[in-house]
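Working notes for the structure below.
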Amino acid sequence: MKVTSTGIENGYWADRFGKHGSDISPQGKAVRSVPFSIIDPPEGTVSFAVILDDPDSIPVCGFKWIHWTLCNLTQTEVPEDISRHNPDFIQGTTSFHSAVSDETIEQASCYGGMAPPDADHAYDLDVYALDCTLDLQPGFYLNEMIHAMRGHVLTHARVTAKYRA
């Protein structure tokens, strides 16, 4: 399995998917989600789980910032901005609901755009092919998804690109 994105240009996520874009929530968060394609998922795949995070945030806030989590995705072509348009999957809580941000679980259970405060950061989009759907509710936490995926991951793929500060 392979993951690609038309939202990556010259090794960088396009501006529209983060703080340099024009789609900003009332809370000041970029909300236009990234597009991606899943190529050659393995036989037996029932659904996909996805994590978009920023490992370069660790020196800044002390943990990997979670920008998007979703599960029970069944399509292999995910258009940009799907997070806001009645997606046919379940979205989990991001780091925008944390000790360093004050969004509610409801506000933080969608795509939250890239916004590196100190330097260009690399962002990982991880896709997991699963042999089932996950019994999770909107607003689930990442650890709940990780526990639910145990024993059900057929394969995993990642695409990484930077976003400018």
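Among F48, F17, F140, which one shows the biggest mean-square fluctuation in a GNM of the chain, springs joining Cα atoms closer than 10 Å? For the chain, modelled as a Gaussian network with Cα springs under 10 Å, the answer is F140.
Under a Cβ-Cβ cut-off of 12 Å, what is the net charge of the residues other than K2 that fall near it, where Lys and Arg count +1 and Asp and Glu count -1? Local charge sum for K2: 0. For the pair R158 and S25, a Förster radius of 22 Å applied to the C-beta separation gives a FRET efficiency near 0.25, rounded to the nearest 0.05. When the chain is treated as a GNM, springs tying every alpha-carbon pair under 10 Å, which of V153, V31, V50 comes out with the largest mean-square fluctuation? With Cα springs under 10 Å in the chain, the top fluctuation among V153, V31, V50 is at V153. Solvent exposure of the range 9-165, expressed per residue, is 47 Å² of accessible area, with all protein chains present and a 1.4 angstrom probe.
Look at where the Cα atoms of the range 87-147 and of the range 20-68 average out, and the two centres are 7 Å apart.
3J(HN,Hα) along the range 58-67, derived from phi through the Karplus expression 6.51 cos²θ - 1.76 cosθ + 1.60 where θ = phi - 60°, amounts to 3, x, 7, 10, x, 7, 6, 6, 8, 9 Hz, with x in place of Gly and Pro. Within the accessible area of the chain, what % is carbon and sulfur when the probe is 1.4 Å and the other protein chains stay in place? For the chain, the apolar C and S fraction of the accessible surface comes to 49 percent. Counting only protein heavy atoms and using a 1.4 Å probe, the accessible area of C132 comes to about 30 Å².
The values are calculated or read from the model by the stated rules, or taken from the named source; none is laboratory data. Predicted, not measured: the structure shown is a model, and the values here were computed from it. Using ideal geometry, Cβ is built from the backbone for each residue, glycine included, and neighbour counts are taken over all protein chains shown. Heads up: the accessible areas ignore ligands, DNA and RNA and are worked out on the full protein's heavy atoms, side chains in. Shrake-Rupley method; radii C 1.70, N 1.55, O 1.52, S 1.80 Å.
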